[in-house]
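Here is the structure we will look at, set down as structure tokens.
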Amino acid sequence: MNPSYTQKYTLVVAVNDDKILAENLAKSPCYSVLSVRLLRNCPSASTAFNQALGGIDSRYCILAHQDAYLPTPWLARMDALIDRIEAADGADWAVLGVAGTNSGGRVVGKLWSEGIAAEIDKGGDIEAVVSLDEVLLVINMDSGIRFDAGLPGFHLYGTDIVQTALKIGQKCYAVRNPIIHNDRPKYFLDRGFKKAFGYMVDKWHEALPIPTTVAVLERKSWSIHWRNLRQLKSYIVKGQRGKSDPQALAASLKYENGIIATQAPFITGESIAAVSSGVMK
């Protein structure tokens, strides 16, 4: 692995279960190479991550869930994707992710989610987005972007930081660089999600509706109810599911071989600008 990666990237993880960490993210090949900061007893994701970002000297910070697994080629591919973005469109970007939603409400990116027992594989290699899933975010430290310390809990901070970036003219993208999210099925969105949902609706009322990978942020919470009904139906049909071996799953999906079939060409600087202009107002 390229030794320069250790200087360019820092990996930050909020941890509340060491067994889950050991069985997933810690098995990622890049975990033993990068500088890793573990955050414990976090009152909220935003306050914890802001504190961590304040003490990082690397150019990029990777914020990953403890139940994510990053395949062998993941870091090298992310580095290449960042190089392509910056060569085509400059370094004026704030946040990248591996899954998100574009201004048309389409989910884009590539990953396997054990929680829904399905692969998300939509869009091109680089897609301008209005929200990002929190399973993995890459922060451009030169952007100076930070999370909203007032956002409660551990939900929707990916959407919030993207909206913050777009409001000040910085760009955000979902990139096609697959990971395994070895999460448990979430059949019902809990009070913590609903509390964050309410905070976000009040904060971003002028930008509503904002599509996310979980539910659409809007004044009425119909999307939460529909999402819960879909998940309940999935439980009835498929039953309770256990977790998988993330390395074996990544190998079976060919995530480990370093060759990810391209769904669409890398977006050029001109088309990136065109897509970014479609951000929901």
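Every read-out reported here was derived from the displayed coordinates using simple, explicitly stated rules and does not represent laboratory data. Small disclaimer: the values here were computed from a predicted structure and weren't measured. Neighbour counts are summed over all protein chains in view; Cβ atoms, including those assigned to glycine, are modelled from backbone coordinates with ideal geometry.
What to note about this one:
- Shown for Cys42, Cys172, Cys30, Cys61: other C-beta atoms within 10 Å of each C-beta, ranked fewest to most, produce the order Cys42, Cys61, Cys30, Cys172.
- Sites matching trypsin sites (Lys or Arg not before Pro) across segment 1-80 that sit in DSSP coil, with at most 16 neighbouring C-beta atoms within 10 Å: Arg59
- For Val12, distant residues with modelled amide H under 5 Å away: Arg37, Ile62, Leu63, Ala64
- Prolate/oblate/rounded label for segment 79-218 (Cα gyration tensor, a/c 1.5): oblate
- Restricting the calculation to Cα atoms, segment 1-113 yields a radius of gyration followed by a Dmax of 14.7, 41 Å.
- Put in order of Cβ neighbour count within 10 Å, fewest first, the listed residues Phe49, Phe193 become Phe193, Phe49.
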